[in-house]
Each structure stands twice: as structure tokens, then as C-alpha cells.
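Each remark here refers to the structure printed beneath this line.
The values are calculated or read from the model by the stated rules, or taken from the named source; none is laboratory data. On a predicted model such as this, the values are computed, not experimentally measured, just so you know. Note: ideal-geometry Cβ built from the backbone for every residue, glycine included; neighbour counts use all protein chains shown.
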Amino acid sequence: MSKMSREKGKRGEREVVTMLKDLLGDGYVFKRNLLDQCHDGGMDILGLPHWAIEVKNYKEATPSLINGWWAQTVDEAKKASRHPVLFWKQSRRPWVVVVSGNHLISMGSGWEDDYQYTISMSPEMFCSLVREEIVVEKSKSDRWQDLLAEPL
């Protein structure tokens, strides 16, 4: 990988960190994963619980490249027991976020790894879904606390 390619990748990771901070607010500490990175991959961004974030910033994004990026994202997410999320960007185009369709629509097992069963969205939509999940998790947690506090 050339120095220019590595620099472009670093710029992309910094952009995603800034974007996530802007869209999700101060409740998170996002940072590039500098310690656990290796040439074979690794989660690119740390700080979003339950998600393994992979970032790709390329001049041209072909379907076969995106498919390979998704496979890498799923592999890294499995290693970390997290949900895969891929942020990718083609030069002079907006960011695209890819998540497993199985995360949003229960399709059973075996579907979550295949790129053809993913959902692509804007970063704003992804962050809206993350915020919604947090609200749902918190309300479930609060409801359980309420139930535990009720006399039998």
C-alpha cells in the first residue's frame, strides 16, 4: 500500500470520528484504533458500543471492492463479538454506511454475512438508528427496574 493510500485511509478515519462526534454528541469518546490495527485489518474506530466500525476511503469503489470490504468488516466484527458496520466513501462523493439487514429485520441465521443482504444508508440515518437503539435499550432497562421494584 502506498503512502498516499495510507494517508487517504487515515483522513477517512479522522472524518468518520469527527462525523460520529457531531452526529451522536458528547456521550461518546471516538478514536482511531491505532493499537490494535494490523495490516490484515482490525476495527478502525473505537467508541461505539456493540459496533465494529470499518472505514474505507477510496478513489473508486467497485462492487467487488465493496463486497470484499464487507467481508472484512464482518470478520472483524465476529472476532470482537460486535455488529459489523462499514463506512465507505468514494472520492468526491458522500459517505455510505452499510449494516447487515439482519440487524434491522430478523432474517434468521446465515444471512448476516452476505453483502447482498445488507442495507446502505447515510451516516445521519445510521446515527439515528443508533440513538433509537439506545433509547429502546434504556427503556427496557428502566422497565426491568420498575418490574423488579413492584411487589409480587
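Criterion applied to Val96, Val55 was being surrounded by fewer than 20 Cβ atoms within 10 Å (Cβ to Cβ), at pLDDT 90 or above and touching a helix residue (DSSP H, G or I) at 6+ places or on another chain (Cβ under 9 Å), and the one residue passing it is Val96.
Here Ser64, Ser81, Ser2 are screened, and the one residue that is under 16 Å from Thr118 (Cα atoms) and surrounded by fewer than 18 Cβ atoms within 10 Å (Cβ to Cβ) is Ser64. The criterion of being closer than 30 Å to Met4 by Cβ, charged (D, E, K, R) and in contact with a Leu (Cβ under 6 Å, 6 or more places away or on another chain) holds for Glu54. Residues that are part of a helix (DSSP H, G or I) and of a type in the set (D, E, K, R) were ranked within region 111-131; the one that is nearest to Trp88 (Cα to Cα) is Glu124. Among residues of region 24-46 that are closer than 14 Å to Val85 by Cα, those with a beta-carbon under 8 Å from a residue that is at pLDDT below 70 and in a loop (DSSP other than H, G, I, E, B) at least six positions away or on a different chain give the pairs Gly42/Asp36; Met43/Asp36; Asp44/Gln37. A count restricted to region 82-97 and to residues that are in a strand (DSSP E or B) and within 19 Å of Glu7 (Cβ to Cβ) stands at 4. Taken over region 47-81, the residue count meeting the criterion of being part of a helix (DSSP H, G or I) and touching a residue at least 40 places away in the same chain (Cβ under 8 Å) is 4.
Residues are listed down the side, and each one gets a yes or a no for (1) among the hydroxyl-bearing types (Ser, Thr, Tyr); (2) modelled with pLDDT of 90 or more; (3) under 14 Å from Cys127 (Cα atoms); (4) under 12 Å from the mean Cα position of the chain (by Cα):
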site	(1), (2), (3), (4)
Glu7	no, no, no, no
Asp26	no, no, yes, no
Gln37	no, no, no, no
Gly68	no, yes, no, no
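Right, Val85: more than 17 Å from Pro123 (Cβ to Cβ), at pLDDT 90 or above and of a type in the set (A, V, I, L, M) or not? Criteria not met by Val85.
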